[in-house]
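The values are calculated or read from the model by the stated rules, or taken from the named source; none is laboratory data. Nothing here was measured: the structure is a model prediction, and the numbers come from that model. These area figures cover heavy atoms from the full protein model, side chains too; ligands, DNA and RNA do not enter into them. Shrake-Rupley method; radii C 1.70, N 1.55, O 1.52, S 1.80 Å.
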Amino acid sequence: MNLKKTIRTLIKIFLPLTFGIILLWLLYRESDFNLIWEKIRNGVRYDIILFSLLFGLFANIIRSFRWGLLIESLGEHFRMKNLIYAVLGNYAVNLVLPRVGEVWRCGVITRYEKIPFTKLFGTLIVDRVMDTFMVGLITLFIFIFNFKFFESFFARHGTLLTGFQAMFNSVWVYVVLILFAII
């Protein structure tokens, strides 16, 4: 048995596990676990949680298929289960270190599917840009098709509208928008 390989494996397992335990202890050291357990036993509707988890799982599987279409367009081949696992793992990593999950996702597929990291990262950027575009489009449609609601809301809360107008009078807003567009 190779001692160096064994030590490396132990470090890969125990270092993240120890780090996770320390983080959990720091987060929950002052919590009242009896109160939490009481709320879990009596105040949680597990049917709603299960239903929402199924929708979340389905959405992530669809995101994997969509990412797979982008990768396929580059002429690369992969196993779909690895893409699904990478997308699901992406969100787990993001819980610990936000935005690191995307890099991790590309790294995992590079390791298991031997697709160049730069190609994967490019598809990831396209995927995120399209996500942002679609959210903006949905928001625009919501605003257009519910214009009466927003009109009456801003009529009742005039200071909000004044604040929005003042925000767009600042030159810094336009500088940030231009920098964002350039990036």
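Taking the square roots of 5 times each eigenvalue of the Cα gyration tensor of segment 72-118, largest first, gives ellipsoid semi-axes of 20, 11, 8 Å. Taking one quarter of the surface of the C-alpha convex hull of segment 102-172 gives a mean projected area of 7.5 nm².
The long axis of helix 117-145 is offset from the longest Cα principal axis of the chain by roughly 30 degrees. The spacing between segment 1-61 and segment 135-183, judged by their C-alpha centroids, is 38 Å. At q = 0.12, 0.19, 0.28 Å⁻¹, work out log10 I(q)/I(0) for segment 29-95 with the Debye formula, treating every Cα as an identical point scatterer and leaving solvent out; two decimals please. Per q value, in the given order, log10 I(q)/I(0) is -0.52, -0.83, -1.12.
Beyond 21 Å, what share of the Cα-Cα pairs of the chain is found? Please give it as a whole percent. So the portion of pairs separated by more than 21 Å is 72 percent. Close lysine pairs were tallied over the chain: pairs 8 or more places apart or on different chains with Cα atoms under 22 Å apart number 4. Rolling a 1.4 Å probe over the protein chains gives MET130 an accessible area of about 90 Å².
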